[in-house]
Number of protein chains: 2
Amino acid sequence: MDYIEAAQALLQEKGVRASTIRINVLAYLLSHPTHPTVEHIYQALRKSMLTLSKTTIYNTLDLFQQQNLVRVINIDEKEMRYDANTTEHGHFQCQECKAITDFTIRCSTPDLPGFQIATRNIYYRGICAECQTKKEELLNEKSNGN
Amino acid sequence: MDYIEAAQALLQEKGVRASTIRINVLAYLLSHPTHPTVEHIYQALRKSMLTLSKTTIYNTLDLFQQQNLVRVINIDEKEMRYDANTTEHGHFQCQECKAITDFTIRCSTPDLPGFQIATRNIYYRGICAECQTKKEELLNEKSNGN
DNA sequence: TACATATTTAAATTCATTACAATTTAATTT
DNA sequence: AAATTAAATTGTAATGAATTTAAATATGTA
Ligand SMILES: [Mn+2]
Ligand SMILES: [Mn+2]
Ligand SMILES: [Zn+2]
Ligand SMILES: [Zn+2]
């Protein structure tokens, strides 16, 4: 089953009309688990849907959020990011390459009695393993070169 | 020791010039552990500092962040919030009363090997204990009244 | 087909944050 | 003390993602 079919099936499950735009937005999110921005989605879909409006992307993603088809990731303080993976997981943004990585996490919160938790967002920032390696290599080259 | 003195001491520790504005912004944060917005701080200090500029609040908070005197809380997707408590703790925002509560948290993250973590932000949303009680009381009244 | 409803579009607006140049204040040097 | 330099503060304008509005288009049903 390709992403288009998967998106269509998910929309039908939720009782949401599976319009072309909705299918394509959801399929894009499923096939690009990189936490894209509205702009990313817009620019990608625009190529094949010439009259596409950015407002529609916003509306569609709002609808998806209400239906728990996507979750909003606010780790990047500039733009919102969207994730079709709605299972519990944390997000790590690299300060070098800006990439956002998923990670599994288990938390214990002793002092929230009587609180009703609706959503959890766990955001870490730092240097990803890849960029860390690159930095070390660069450092080694320098010390060898001199 | 009052908050003004505490703020002054903290600034001196960091080797930052303890100007009147800086002392007052930091003292406000120390005395209002409610995660205020820039607007909150600005409106409060404006009363005693007539020519205060909002830009200065932004600049001051940026400086504080660099010096690890405050941490930025991005739980409220509209406005940034600031916290003079820089120790590890999570934040819970009530969807009813909008209040932001601190909570202690312990997390294990098995799959981030080689990643260098610089900052952690843990945001929960839902209904706080107080609002939860209020809602239940309202429900009881209704069922008794009818 | 006709009509109501849902979806999509484009333009205008909002508003927190940032950029920047000008001014004021404080520290350092003559 | 005066002059010079550096730092802090101010006000205005610009930025840009997100929202609002209203109009256009598509879709389902009778
Ligand atoms: Mn994810
Ligand atoms: Mn806090
Ligand atoms: Zn990286
Ligand atoms: Zn509450």
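The values are calculated or read from the model by the stated rules, or taken from the named source; none is laboratory data. Given the structure is predicted, the values throughout are model-derived calculations rather than measurements. Note that we place each Cβ from the backbone using ideal geometry, even for glycine, and neighbour counts take in every protein chain shown.
Only one residue in B:Ile75, B:Ile57, B:Ile105, B:Ile117 is under 26 Å from A:Ala129 (Cβ atoms) and either away from ligand 3 (no atom under 16 Å from the Cβ) or of a type in the set (Phe, Trp, Tyr) (or both), so which one is that?
Result: B:Ile105 is the single residue among B:Ile75, B:Ile57, B:Ile105, B:Ile117 that is under 26 Å from A:Ala129 (Cβ atoms) and either away from ligand 3 (no atom under 16 Å from the Cβ) or of a type in the set (Phe, Trp, Tyr) (or both).
In the range B:72-94, how many residues are at pLDDT 95 or above, within 16 Å of ligand 4 (Cβ to nearest atom) and in a loop (DSSP other than H, G, I, E, B)?
Looking only at that region, the number is 1.
List every residue pair whose Cβ atoms lie under 7 Å apart, where the two residues are 6 or more positions apart in sequence or sit on different chains, the first residue falls within the range A:97-109 and is at the interface with chain B (Cβ under 7 Å from one of its Cβ atoms), and the second residue, located anywhere, is loosely packed, with under 15 Cβ neighbours inside 10 Å and part of a strand (DSSP E or B).
That search, which allows pairs on different chains as well, returns A:Arg106/B:Ser108; A:Cys107/B:Arg106; A:Ser108/B:Arg106.
Whether any residue in the range A:91-105 is under 20 Å from B:Arg120 (Cα atoms), more than 11 Å from ligand 1 (Cβ to nearest atom) and among the charged types (D, E, K, R) is what I want to check.
yes
If we keep just the residues of the range B:26-71 that are hydroxyl-bearing (Ser, Thr, Tyr) and under 22 Å from B:Ile100 (Cα atoms), which is nearest to ligand 4 (Cβ to nearest atom)?
B:Thr34
If you check every pair at least six apart or on different chains, which have Cβ atoms under 6 Å apart with a residue in the range A:112-134 that is at the interface with chain B (Cβ under 7 Å from one of its Cβ atoms) first and a residue that is part of a helix (DSSP H, G or I) second?
Listed pairs, sorted by first residue: A:Gly114/B:Ala129; A:Gly114/B:Gln132; A:Phe115/B:Ala129; A:Gln116/B:Gln132.
When you look at B:Asp62, is it within 14 Å of chain A (Cβ to nearest Cβ) and surrounded by fewer than 16 Cβ atoms within 10 Å (Cβ to Cβ), yes or no?
Criteria met by B:Asp62.
How many of the residues making up the range A:59-112 are assigned by TED's automatic domain parsing to the domain that holds A:Tyr28, polar (S, T, N, Q) and touching a His at 6+ places or on another chain (Cβ under 7 Å)?
Residues meeting the conditions: 0.
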